[in-house]
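*Asks:* Shown below is the structure under consideration.
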Amino acid sequence: MSILLDTTSRVICQGITGAAGSFHTKLCKEYGTKMVGGVTPGKGGSQFEGIPIYDTVDEAVIDTQANVSMIFVPAPLCAEAILEAMEAGIQLIVAITEGIPVMDMVKVKHKMTAWNKGKKAEEKVRLIGPNCPGVITVDACKVGIMPGYIHKKGPIGIVSRSGTLTYEAVWQLTKLGIGQSTVVGIGGDPVNGTDFVDVLELFQKDSSTQAVVMLGEIGGRAEEEAAHFFKTQMNKPLFAFVAGITAPAGKRMGHAGAIVEGGSGKAEDKIAELKRNGVIVAESPATIGITVRDHFVPVNR
């Protein structure tokens with residue numbers, strides 16, 4: 001069992017002929033992902049690395065039965081690309097693109113919510129990102145820009161707002177001999193698709209995951225909501241790190257959503273709430289791995 005992806009996932013890349021799209025499509029294919037197609041308007045009928053290219057997502061889905069899309073479309077056009085994938089029947093959309101205007105994502109969020117209304121859980125469209133590193137189910141399927149070689153198969157699920165922190169946590173765990181089940185980068189934009197609680201709910205149900213690492217940062221209330229979910233809905237250990245303890249108010253720190261506004265969204269408040277609800281919090285990014293090692297007791301299966 002895994003969350004979001006497995007060896008049967010059939011993936012297309014929207015924006016496959018761009019520099020980033022072609023580079024990461026090749027790496028995903030080398031990892032073992034079933035890259036069944038690409039989409040670039042005007043280049044239908046051509047190929048990249050033996051992968052057929054289509055003019056539209058609709059054509060790609062009909063011809064390949066794709067159910068996952070990895071998007072590298074430039075920011076001004078990305079919202080339309082997300083909606084095109086949704087309307088073509090893609091069930092999991094992973095938008096890597098950074099810099100999509102907030103109002104474009106508000107439009108996407110509104111349309112996707114309406115699209116999913118009344119549908120069964122297995123019929124709903126899920127968006128990961130934008131501005132995220134993607135999703136990897138270790139030794140099964142990689143959709144995104146994560147370096148595959150740093151991962152090791154194992155019992156720890158990871159969900160993160162930061163790509164760099166994701167890689168750091170994965171690498172620390174792998175060096176300690178602690179593997180990962182699925183790693184999900186949800187992105188750091190103020191308006192995104194899947195949030196912490198969505199992923200924690202999936203990990204709670206996943207038999208391959210015995211504990212979860214959550215990597216947060218300043219801005220918003222996603223970490224506080226996750227803390228409440230953990231307290232009320234989870235029985236698996238949750239470890240966390242929150243970046244930005246020294247961040248000044250009013251200054252955006254890297255991600256568009258990483259900002260303390262009006263005294264809200266401070267790292268120290270998030271950390272206090274996590275601890276209050278029983279989450280084990282690493283004190284620095286350098287101690288994420290050893291914090292898990294010192295508190296996690298794996299269940300042999």
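*Asks:* Hey, which aspartates and glutamates would be in cross-link range of K119, C-alpha to C-alpha under 20 Å, not counting anything within fewer than 8 residues on its own chain?
*Replies:* Excluding near neighbours in sequence, the set is E84, E87, D195, D198, E201.
*Asks:* Continuing with this model, one more query. Of the cross-linked pairs K34/K236; K153/K236; K29/K117; K152/K205; K152/K275, which ones have a Cα-Cα span greater than 25 Å in the structure shown?
*Replies:* Distance filter (> 25 Å) returns K34/K236; K29/K117; K152/K275.
*Asks:* Give the share of C-alpha pairs in each 10 angstrom bin for the range 71-110, from 0 to the last occupied bin, in whole percents, shortest bins first.
*Replies:* Binned Cα distances yield the sequence 32, 61, 7.
*Asks:* While we're on this one: Using square roots of five times the C-alpha gyration tensor eigenvalues, list the equivalent-ellipsoid semi-axes of the range 1-42 in whole Å, biggest first.
*Replies:* Each semi-axis is the square root of five times an eigenvalue, giving 21, 11, 8 Å.
*Asks:* Whenever you get a sec, compute what percent of the accessible area on the chain sits on carbon and sulfur atoms (1.4 Å probe).
*Replies:* Within the chain, the accessible surface is 54 percent carbon and sulfur.
*Asks:* Please work out whether the range 1-151 counts as rounded, prolate or oblate from its C-alpha gyration tensor, where a ≥ b ≥ c are the square roots of the eigenvalues and a/c under 1.5 means rounded, while otherwise a/b larger than b/c means prolate and anything else oblate?
*Replies:* Note, shape of the range 1-151 comes out rounded.
*Asks:* So, for the chain, what is the accessible surface per residue at a probe of 1.4 Å, expressed in square angstrom?
*Replies:* Dividing the accessible area of the chain by its residue count gives 44 Å².
*Asks:* In what order, largest first, do I245, I16, I62, I271 sit by accessible area if the probe radius is 1.4 Å?
*Replies:* I62, I245, I271, I16
*Asks:* Counting only Cα atoms, I'd like the Rg/Rh figure for the chain, Kirkwood definition for Rh.
*Replies:* Checking Rg against Rh, the ratio lands at 0.96.
*Asks:* May I pose another question? Let me check I've understood the local charge: for C78, count other residues with C-beta under 10 angstrom from its C-beta, Lys and Arg +1, Asp and Glu -1. What total comes out?
*Replies:* Neighbourhood net charge equals -3.
*Asks:* What Kirkwood Rh does the range 136-196 have if only Cα atoms enter the pairwise 1/r average? Answer in Å.
*Replies:* After inverting the pairwise mean of 1/r, the radius is 11.7 Å.
*Asks:* Now for a different question. Ignoring everything except DSSP H segments at least 4 long, calculate the 222 nm mean residue ellipticity for the chain; use -39,500 (n - 2.57) per segment, divide by total residues, nearest 500.
*Replies:* Value at 222 nm, helices only: -10500 deg cm²/dmol.
*Asks:* Choose one of I150, M112, L127: the residue whose Cα lies farthest towards the positive end of the charge dipole of the range 102-159 (beta-carbon charges +1 Lys, Arg; -1 Asp, Glu; about the Cα centre).
*Replies:* Checking the options against the dipole of the range 102-159, the answer is M112.
*Asks:* When only the heavy atoms of the protein chains count and the probe is 1.4 Å, how do E273, E223, E30 rank by accessible area, highest first?
*Replies:* E30, E273, E223
*Asks:* Also, I was wondering about something else. Mind ordering 230-242, 135-147 by average Cβ neighbours within 10 Å, highest first?
*Replies:* 135-147, 230-242
*Asks:* Provide Rg and Dmax in Å for the range 43-121, with only Cα atoms included in the calculation.
*Replies:* Cα radius of gyration and Dmax of the range 43-121 are 13.4, 40 Å respectively.
*Asks:* Roughly how many debye, to the nearest 20, is the charge dipole of the chain about its Cα centre, given +1 on each Lys and Arg Cβ, -1 on each Asp and Glu Cβ, and no other charges?
*Replies:* Charge dipole of the chain: 560 debye, to the nearest 20.
*Asks:* Quick one: net charge of A282's neighbours, Cβ under 14 Å, K/R +1, D/E -1?
*Replies:* -2
*Asks:* Could you tell me which of W171, G187, A227 has its Cα farthest along the dipole of the range 147-228 towards the positive end, charges placed at Cβ (Lys, Arg +1; Asp, Glu -1), taken about the Cα centre?
*Replies:* Most positive-ward Cα: W171.
*Asks:* Would you mind putting 189-199, 66-76 in packing order, based on average other-beta-carbon counts within 10 Å, highest first?
*Replies:* The densest-packed peptide leads the list: 66-76, 189-199.
The values are calculated or read from the model by the stated rules, or taken from the named source; none is laboratory data. Computed from a prediction, not measured in an experiment: that's the story for all the values here. Note that we place each Cβ from the backbone using ideal geometry, even for glycine, and neighbour counts take in every protein chain shown. Accessible surface areas use protein heavy atoms only, side chains included; no ligands, DNA or RNA. Shrake-Rupley method; radii C 1.70, N 1.55, O 1.52, S 1.80 Å.
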